[in-house]
1. Please get the size of the charge dipole for the chain, origin at its Cα centre, with Cβ charges of +1 on Lys and Arg and -1 on Asp and Glu, quoted in debye to the nearest 20.
2. Run lengths n ≥ 4 of DSSP H only: what is the helix-derived mean residue ellipticity at 222 nm for the chain, with -39500 (n - 2.57) per run over all residues, to the nearest 500?
3. At a temperature of 25 °C and a viscosity of 0.890 mPa s, determine how fast the range 153-256 diffuses translationally according to Stokes-Einstein, using the Kirkwood radius over alpha-carbon pairs as Rh; express D in µm²/s, rounded to the nearest whole number.
4. If exposed means no more than 15 neighbouring beta carbons inside 10 Å and the site is in a DSSP loop, what's the longest run of the chain without any exposed chymotrypsin sites (Phe, Trp or Tyr not before Pro)?
5. If you average the sequence gap of Cα pairs under 8 Å that are 6 or more apart and divide by the length of the range 70-132, what percent do you get for the contact order?
6. For the range 19-97, take the alpha-carbon Rg, divide it by the Kirkwood Rh, and send me Rg/Rh.
7. Loop-only trypsin sites (Lys or Arg not before Pro) in the range 45-114, please: DSSP not H, G, I, E or B, and at most 12 other Cβ atoms within 10 Å.
8. Using 24 Å as the Cα-Cα cut-off, could you pick out the over-long pairs in K35/K197; K34/K84; K11/K122; K60/K114?
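The values are calculated or read from the model by the stated rules, or taken from the named source; none is laboratory data. Note that the structure is predicted; figures quoted are calculated from it, not measured. Note: ideal-geometry Cβ built from the backbone for every residue, glycine included; neighbour counts use all protein chains shown. Accessible surface areas use protein heavy atoms only, side chains included; no ligands, DNA or RNA. Shrake-Rupley method; radii C 1.70, N 1.55, O 1.52, S 1.80 Å.
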Amino acid sequence: MRVPIVAANWKMNKTVGEAESFTADLPGDAELYKKVEVVVCTPFTCLQAVSKGLEGTGVKLGAQNMYYEDKGAYTGEISPAMLKDLGCTYVILGHSERRHIFQESNELINKKVKAALVHGLKPILCIGETLEERQAGKMEEICKTQIFGSLQDITAKEMDQIVIAYEPVWAIGTGVNASVEDADSTITFVRQCISAKYGTEIGDKIRIQYGGSVKPNNAVDYFKQANIDGALIGGASLKADSFYSIVKSAAEVCGC
Ligand code: 13P
């Protein structure tokens, strides 16, 4: 039985003061946060404040990106050790906005995945096709290339630490969420790819989230799918009440 994981991705939103208001507004619900793993991925600038605000709640902290080197002359970059130092458990890697706006390649993402693991950070590895790629029937090929490219040389043992988020690019921030059937069939395909490379034990164990216009009114439909293990949430994670309501529906559906 896989524990669902619901993660907030605030992207480039919130000042420190706004982040503090979020943690103050997020209901303390230790029982719920044991049943559903909950992560809040904030901008670098809010990590310290949110780390403090989440102390003792059972909700975990994550970052949205990092560089793969330990330290040195990399102006503007943040290292895995710096994230660990601030209390991060997770780091989102390979988000489509990083892939498309900042031209991150699978090769670069792979280096980041490896560095995160070395430093004890758990990657939430994002994959997903653009609308053009979907319309050209290349969805599976793209997802497969992204998975295997980003996970090159990652061992079966290390796969324990990794969560995958399937986020079709056309569904992100558009209000056009993928149909439950489409999300489910692609996530099933992703699980098959993992099983093919690492064996069914690992394929069955790995958690795969859906992301893309998940809201309190549609989250439950995704969570009902046996292969979908939670969600990565952008817009609806900016307010504590809508984020909390999505977390609650994950617990209700999984019956845990
Ligand atoms: P939205 O929920 O705003 O569509 O964003 C999804 C996303 O990109 C999460 O990483």
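1. Taking the Cα centre of the chain as origin, the dipole is about 300 debye.
2. One gets -12500 deg cm²/dmol as the mean residue ellipticity at 222 nm.
3. Calculated translational D: 174 µm²/s.
4. Here the longest segment lacking exposed loop sites spans 103-256.
5. The normalised contact order for the range 70-132 reaches 41 percent.
6. Details: Rg = 13.5 Å, Rh = 13.4 Å.
We get a ratio of 1.01 for the range 19-97.
7. Working: sites: K52, K60, K71, K84, R98, R99, K111, K112, K114; in loops: K71.
Sites meeting the loop and neighbour criteria: K71.
8. K35/K197
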